[in-house]
Amino acid sequence: MTARSSLAIARAGYRDIALYAPDRAACAIDLSDNTNLWGTPPAAARAARDTAAAALTRYPALYASELKEALATYAGIATECVVTGCGSDDVLDSAIRALAEPGSRIAYAEPTFAMVPVFARMNGIEPVGVPFAPGFDIDPDALLATGARIIYLCSPNNPTGTAATRAAVERVLDRAPGVVILDEAYGEFLGHGFIASAPARENLLVTRTMSKAFGLAGLRIGWATGHPSLVREVEKSRGPYKVSAVAERAACAALGEDLDWVRARVADARAARDRLASALRAMGLAPLPSAANFLLVPVADAPAVARRLRECDVAVRPFTALPGIGDALRVTAGPEPMMDALLRALREAVACE
Ligand SMILES: *Cc1c(COP(=O)(O)O)cnc(C)c1O
């Protein structure tokens, strides 16, 4: 089929959406995607390996009920306040589809998670970016002034790493005309958040993922907490069988037996991040203050610097022309040998400017 005929049959709103395809060529040291660079939680790895062949032949649970129970215990809330998905990407997409009419708006502070405007357009919803407040707190009144049906907040925010203040989040929650989606993909690194308090509000959905602190990105497990009536709508939109049998078992094992491992790796990541920030500042760079497991480092011509780093087998994520920031590299914090390799490569890459 020619490109032209496939365009003619695609839904109009889809034609301008680009396929999500960042440069993912294999690289010895991959600091580009904010995953857990210390490895896999051991009980989860065992559970995945030991999943019986019989379990692969049957469909998994419709809505991952055991995983919901384990997550509810982890969050300290009732099971009916939890929804899961194939990664939090799936939960976000399902929530946007369930909670906003086509033609309505979703507002967020820019720059933020790049998939959000994509999910918005895919669901016929208009994405509206507003600037951050000075210091990268969210600007509640700018978000509210859009009148958007959904306000998306991300804290700690990807790609800046910065966290919103509780007062600013609460101002949005108290005044939003519709629903607030709070993305806490990096919540474990911040150490506190809204997963436990979300069910007490009717207008708040808080999303989390097992892809980052939990070290299970390959299993694609996302989840969210909220009022049971809100969560039910998201689950409807998500549909059945989105968490595989292997993923559900491994995730339950991680939540049961690997929490100390996860906590220790979170502490490792925070320490590595702070050491890396000091080293970058010593080189004359100015990483943004981060509450997550990565740093955003403004540099001139980020794609060129990222290409030179790749020649040293180090992958980072380049961004161009970020609102209020300009070009920057996003770098995942990892074990010391990886950070040393990054710094060595970066000294060379910046020296050839
Ligand atoms: C990584 C990330 C996600 C997606 O996580 P998955 O659960 O792997 O789909 C969602 N939101 C933010 C802000 C992220 O950085």
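Just so it is clear, none of the values below were taken in a lab; they were calculated from the coordinates. Note that the coordinates shown come from a computational prediction; the quantities given were computed from them, not determined experimentally. Positions of Cβ are generated from backbone atoms using ideal geometry, with glycine treated the same way; all protein chains shown enter the neighbour counts.
Take the Cα radius of gyration of segment 1-120 and divide it by 2.2 N^0.38 Å, N being the number of residues; the result is 1.43.
Computed from the C-beta positions of residue 282 and residue 321, the FRET efficiency with R₀ = 35 Å rounds to 0.85. Loop-located trypsin sites (Lys or Arg not before Pro) across segment 10-75 with a Cβ neighbour count of 13 or fewer within 10 Å are 11, 15, 24, 58, with loop assigned by DSSP.
Going by C-beta contacts inside 10 Å, put 261, 223 in order with the fewest on the left. Mind showing how you got there, number by number?
Details: 261 20, 223 27.
Ascending number of Cβ neighbours within 10 Å: 261, 223.
Here the spin labels are modelled as points 7 Å beyond Cα on the Cα-Cβ line, and at residue 121 and residue 260 they lie 4.8 nm apart.
To the nearest µm²/s, what D does Stokes-Einstein give for the chain at 37 °C and 0.692 mPa s, using the Kirkwood radius over alpha carbon pairs as Rh?
Numbers: Rh = 21.1 Å.
D, rounded to a whole number, is 156 µm²/s.
Each residue, residue 267 and residue 8, gets one label point 7 Å from its Cα in the Cβ direction; the gap between the two is 6.4 nm. Fully extending the segment from residue 58 to residue 23 would add 9.0 nm, taking 0.36 nm per residue of separation and subtracting the current Cα-Cα distance.
Determine the relative contact order of segment 199-353: mean sequence separation of Cα pairs under 8 Å and six or more apart, normalised by residue count, in whole percent. Let's see the in-between values first.
Working: 185 pairs, mean separation 25.3, N = 155.
RCO, segment 199-353: 16 percent.
Look at where the Cα atoms of segment 184-223 and of segment 225-298 average out, and the two centres are 7 Å apart. Each peptide in 320-331, 166-177 receives the mean, over its residues, of other Cβ atoms within 10 Å, and ordering these scores from highest gives 320-331, 166-177. Hydrodynamic analysis of segment 202-353 uses the Kirkwood radius over alpha carbon pairs. Inserted into Stokes-Einstein at 10 °C and 1.306 mPa s, it gives a translational diffusion coefficient of 89 µm²/s.
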